[in-house]
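Written out below as C-alpha cells is the structure these notes cover.
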Amino acid sequence: MRAVDFQPTEDQQHLRAGVRGLLAGRYGREALRASVDASAEAGAGVDRALWRELGEAGFFALRLPEAEGGVGLGLPEAVLVFEEAGRALVPGPLVATHLAAGVVPGAAAGTAVVTAFDLDGPLVAHLGDADAVLGAAAVPAGEPVRSVDPLTPLHRVAAVGDVSAYRDAGALLTAALQLGSALRTVELAVRYAGEREQFGQPIGAFQAVKHLCARMLVRAEVARTAVYAAAVTGDPGEVAAAKLLADEAAVLGARDCLQVHGGMGFTWEADVHLHLKRAWVRAEQWRTAAQAEELLAGELLGSAGSAGSAG
Amino acid sequence: MDLTYTEEEQDFRARLRAWLAKVLPELPARPSPDDWPGRRAYDLGWQRRLYEAGYAGLHWPVDAGGRGATPTQHLIFLEETERAGAPYVGANFVGLLHAGPTIAAEGTAEQRARWLPPVLRGDEVWCQGFSEPGAGSDLASLRTRAVRDGNDYVITGSKIWTSHAEVADWCELLVRTQPVGADVPKHRGISWLAMRMDAPGVTVRPLRTLAGSAEFAEMFLDEVRVPVADRVGAENDGWRVTMVTLSFERGTAFVGEVVACRRTLGELARAAKANGRWDDPVLRRRLGRLYGEFGALWRLTQWNVSEAGRSAGGVPGIGGSVFKLAYSHARQELYDTAAEVLGAASLSLDEEWVPDRLSSLSYTIAAGTSQIQQNIVAERILGLPKGR
C-alpha cells in the first residue's frame, strides 16, 4: 500500500486494455482513414453505430452512479479511457457527450450526440450531428465553416452558452485525449525513425532525430503525470496545469512527429496531420493556454503566503 | 492511482514539523559560501541533529543503519525540511546520496559497518572522483590507473569537478584496473574504490565557477596507495556499481530542490506584485505556467519515488532521466523569469535569486548533460538504434 501513487491499479489497467481492444477492433487505422475519405465527400459526421457501441461499453456513463444506470467510476478511470480515445483519434464530441450523461437523455447510452459551447467565440464543433448542446436550451442554427480538421466539422453560431459548470471536467478529459494523441505521436515517430534509412542507417540513429523523439517523450510523460494527478485530486489548478501541459505535448508532439517523417509527414496520406489538427482543435476547447496560465498565476499569488500546498 | 496520506504518514509529518519548529531556531548562523571549514562544520552539525532525532538515513535500509522509512515518508521529510527552511544536505550530499547508497547496495558487511555510520552520524564527508579532464560525458573512457601492488592499489591520474574535495574525508573514486584492449571494452576494467583524502599523493586545487565561488576542485593523484580491501564490488565491475550510484543521483536526489523551486515561485509572485510587474500579462502568464510545470514535476517526483519503492532494492528507475531533462530546463527558466521580475536589478549580485540564477546554469550539464540524457531516453526507453 502506498499512499502517493499514480500507477493505475490492476482494475484500471484492465479497463484501459478493454477500451484499447474495443477501439483497435472498431476504430483502427482503416476506419480512421475511411472516415477521412468520407468526410471529403459528404462532410464529417458522427458514426452513430460507433457512438452506441461506445455507450454500451460504458464510455459515456462511466462516472454516472450505478443507481442511475451508470458504471459508478471516477475521473481516474475516465482519463485512462479518454487517453485511449485520443490515441485512436476517435472523432465526435466525446467529452461533451460524456459530461451530458445523466443530464441529456440518451447521452449515457450513446443514443444521443451532445456537443458543447466549449470553444471561445462563435464556433461550435459537431453541430450538424448534435441532438443537444451543453449550455444551451436548444440546438442553435449555425453556418458551416471550412474546418482545419477534416474530422471536426465547425459551425458559426450567433448564440452563446454557459458551460462553466462543466469546465474543469471538460478540460481534464480533453487533456486526457491530448495525452493519448501525444503518446501515439511518440510511437509513430519512433517507429518511422527506426525504419526509414538514409546515409546507410536508420534516421533514428542520428542524434538530431533522437533528441526530437526524446523531447517528445519528456513532454508526454510530464503531461501524463499532470493529467493523472489532476484526475485524482480534482484540484482546479492541477486541472489547468494538466490541460496546459497536455495541449503542448500533443501539439508539439505532432509537430515533431511531422518533422521526423520528413516529406511523408507533409502528405495527406500520413496520419500525422490528423493528430496535429485535432490537437489544435482540443487546445482551443474548454480552457486555452492563456486561460490556464492566468488561472495558475492567480493560484500562485493566492498560495504565495503559504508557500505551496502540501502533498 | 491514489494521493491520500495514511494516518501514520500524517502523524509522521506532524511530529517532524514540531521537531523542526523546535530545533531550527537553535542553529548557529550560516557560514559564508567561501568558508569551507565553516560549511563543513555547519552541515555536519545539522546531520548530527538529524541523527540524534532519528531522521538520519530515513529511507536507507535498516540493515545499513537507516530507518527503513517508506518512500512517502521520505518525500514528506524532504518536503517539510525544505518548507521549514532547514539546512540543505550540503557537504553530506555525496555521502548520503551517492557513496552511502552505493555502499549499502554493493558493499560487504564490514564495509557497511566502517563507512555508513559515520555518514549518518555526521562524522565524515565524502566527495566524488568520477569525471576526468578527458572523461566527462564519456565517463567510461576514464584513464586514472590503479596498479596492484601487494594488498594495495597504486593510483595515478587526475579528477575534475570534485565537489567538497577540500573538506572531504573520503572520495568515491573510479579507477581503471585493467587497460582497454581488444578484449576489454572501456566500460569494463573499471573499479570503485574508497580513497582517504589525506592519503599521501592527493593534491586538491579549487576551481572557481562562473558564479565566482570555489564549489568544486581538481584532484591530482600521484602514486596514492589505497588498500584492496577498500574496493566496493568486484575488481573491474566498477561501471555497474557506478550506474547504481548515478541512478540515485538522477532519480530522487532533486526532491528537496523541486519543493524549493515551488517556494521560490511564490516569492517571485509576491515580489512581482510588489514592484508592479505582475500587471504585465506576459510575465504573469510565464509565472503561472511555471507554477503548473513545477506542480507536475512535484507529482513526477512522487511518482518516481513510489516507483523506486516498487523496484528491487529501492533503486530509482530510468524515469529519472525524463525527470532530470524536464527539471533542469524548468529550473533555468525559473531563474530567467526571476531576472524578468527583478528587471535591471538582476544585474546586481546582491539581489536574491541572482547567485541562484548563475548556479542554475550548471543544471543542464552536471550529472549528465541534457544531450546525454536525451540519448539515454532515446536509446534505452524508446529503443532507437545507437549511431555509428
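The values are calculated or read from the model by the stated rules, or taken from the named source; none is laboratory data. All values reported here derive from a predicted model rather than from experimental measurement. With ideal geometry, Cβ positions are generated from the backbone for all residues, glycine too; neighbour counts draw on all protein chains shown. Side chains included, ligands, DNA and RNA excluded: accessible areas come from the protein's heavy atoms. Shrake-Rupley method; radii C 1.70, N 1.55, O 1.52, S 1.80 Å.
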Exercise: per-residue mean of other protein chain Cβ atoms within 10 Å, B:4-11: 2
Backbone HN-Hα couplings from phi across segment A:241-248 [Karplus 6.51/-1.76/1.60, Hz, Gly and Pro as x]: 5, 4, 5, 4, 6, 6, 4, 5
Most to least packed among A:83-94, B:137-148, B:25-36 [average Cβ atoms within 10 Å]: A:83-94, B:137-148, B:25-36
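Using unit Cβ charges (K, R positive; D, E negative) and no other charged atoms, how large, in debye to the nearest 20, is the dipole of chain A about its Cα centre? Don't skip to the answer; put the middle values down first.
Values: 26 positive and 37 negative charges, 129 e Å.
Its charge dipole is roughly 620 debye.
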Anisotropy class of segment A:1-111 from Cα gyration tensor, a/c 1.5 cut: oblate
Accessible area per residue, Å², segment B:108-209 with all protein chains present, probe 1.4 Å: 44 Å²
Solvent-accessible area of A:GLU221 with every protein chain in place, 1.4 Å probe, in Å² to the nearest 10: 40 Å²
For peptides A:239-247, B:202-210, sequence by mean Cβ density within 10 Å, most packed first: A:239-247, B:202-210
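Roughly how crowded by other chains is peptide A:223-233, in terms of the mean Cβ count from those chains within 10 Å of each of its Cβ atoms?
Working: counts 1, 4, 14, 7, 2, 4, 9, 3, 2, 5, 3.
Partner-chain Cβ atoms within 10 Å, mean over residues of A:223-233: 5.
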Peptide-level mean, for A:241-254, of C-beta atoms on other protein chains within 10 Å: 2
Packing-based ranking, highest mean first, of B:347-353, A:74-80, B:225-231 given that Cβ atoms within 10 Å are counted: A:74-80, B:225-231, B:347-353
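Out of the total accessible area of segment A:158-311 (probe 1.4 Å, heavy atoms of protein only), what percent is carbon and sulfur?
Numbers: 3030 of 5440 Å².
Answer for segment A:158-311: carbon and sulfur cover 56 percent of the accessible area.
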Residues with amide H under 5 Å from that of B:ALA217, placed H, sequence gap 5 or more: B:TRP161, B:THR162, B:SER163, B:ALA165, B:LEU207
Angle in degrees between helix B:255-275 and the longest Cα principal axis of chain B, rounded to the nearest 10: 30 degrees
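To the nearest hundred square angstrom, how large is the accessible surface buried between B and A, total for both chains, probe 1.4 angstrom? Let's see the in-between values first.
Numbers: alone 18990 and 14800 Å², together 28660 Å².
Separately minus together, B and A give about 5100 Å² buried.
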For chain B, calculated [θ]222 nm from helices alone, where every DSSP H run of n ≥ 4 adds -39500 (n - 2.57): -14500 deg cm²/dmol
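So how strong a dipole does segment B:252-381 carry about its Cα centre when Lys and Arg Cβ are +1 and Asp and Glu Cβ are -1, to the nearest 20 debye? Intermediate values should be presented prior to the final figure.
Working: 15 positive and 14 negative charges, 88 e Å.
Around 420 debye, computed over segment B:252-381.
Which pairs in the list A:LYS243/B:LYS324; A:LYS243/A:LYS277; B:LYS273/B:LYS324; B:LYS22/B:LYS273; B:LYS159/B:LYS386; B:LYS22/B:LYS324 are over 26 Å apart, alpha-carbon to alpha-carbon? Let's see the in-between values first.
Working: A:LYS243/B:LYS324 22 Å; A:LYS243/A:LYS277 17 Å; B:LYS273/B:LYS324 31 Å; B:LYS22/B:LYS273 33 Å; B:LYS159/B:LYS386 28 Å; B:LYS22/B:LYS324 34 Å.
Among A:LYS243/B:LYS324; A:LYS243/A:LYS277; B:LYS273/B:LYS324; B:LYS22/B:LYS273; B:LYS159/B:LYS386; B:LYS22/B:LYS324, the Cα-Cα distance tops 26 Å for B:LYS273/B:LYS324; B:LYS22/B:LYS273; B:LYS159/B:LYS386; B:LYS22/B:LYS324.
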Given charges at Cβ of Lys, Arg, Asp, Glu: segment A:165-303 dipole, positive-most of A:ALA205, A:LEU177, A:THR233: A:ALA205
Chain B: angle of helix B:238-251 to the longest principal axis, Cα-based, in degrees nearest 10: 10 degrees
Segment A:254-262 - phi-based ³J(HN,Hα) in whole Hz, Karplus 6.51/-1.76/1.60, Gly and Pro as x: 5, 4, 5, 4, 4, 5, 4, 6, x
Gap separating the Cα centres of segment A:36-71 and segment B:1-19, nearest whole Å: 43 Å
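Hey, got the dipole for segment B:126-236? About the Cα centre, +1 on K and R Cβ, -1 on D and E Cβ, debye to the nearest 20? Spell out each step's value before the answer.
Numbers: 12 positive and 15 negative charges, 53 e Å.
Value, rounded to 20: 260 debye.
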Dipole axis of segment B:160-237 (+1 Lys, Arg; -1 Asp, Glu on Cβ), positive-most option in B:PRO179, B:ALA168, B:PRO200: B:PRO179
Rounded to the nearest 10 Å², the accessible area of A:GLU66 at probe 1.4 Å: 140 Å²
Mean-position separation - Cα centroids, segment A:102-133 and segment A:158-234, in angstrom: 26 Å
The protein assembly as shown shape via C-alpha gyration tensor axes, a/c threshold 1.5: prolate
In Hz, Karplus ³J(HN,Hα) per residue of segment A:124-137 (6.51, -1.76, 1.60; θ = phi - 60°; x = Gly, Pro): 10, 8, 6, 5, x, 9, 6, 8, 7, 10, 4, x, 9, 6
Farthest positive-ward along the protein assembly as shown dipole, Cα basis, beta-carbon charges - from B:LEU44, B:PHE294, A:ALA88: B:LEU44
Global geometry of chain A, whether rounded, prolate or oblate, following the gyration tensor of its Cα atoms and the 1.5 cut on a/c: rounded
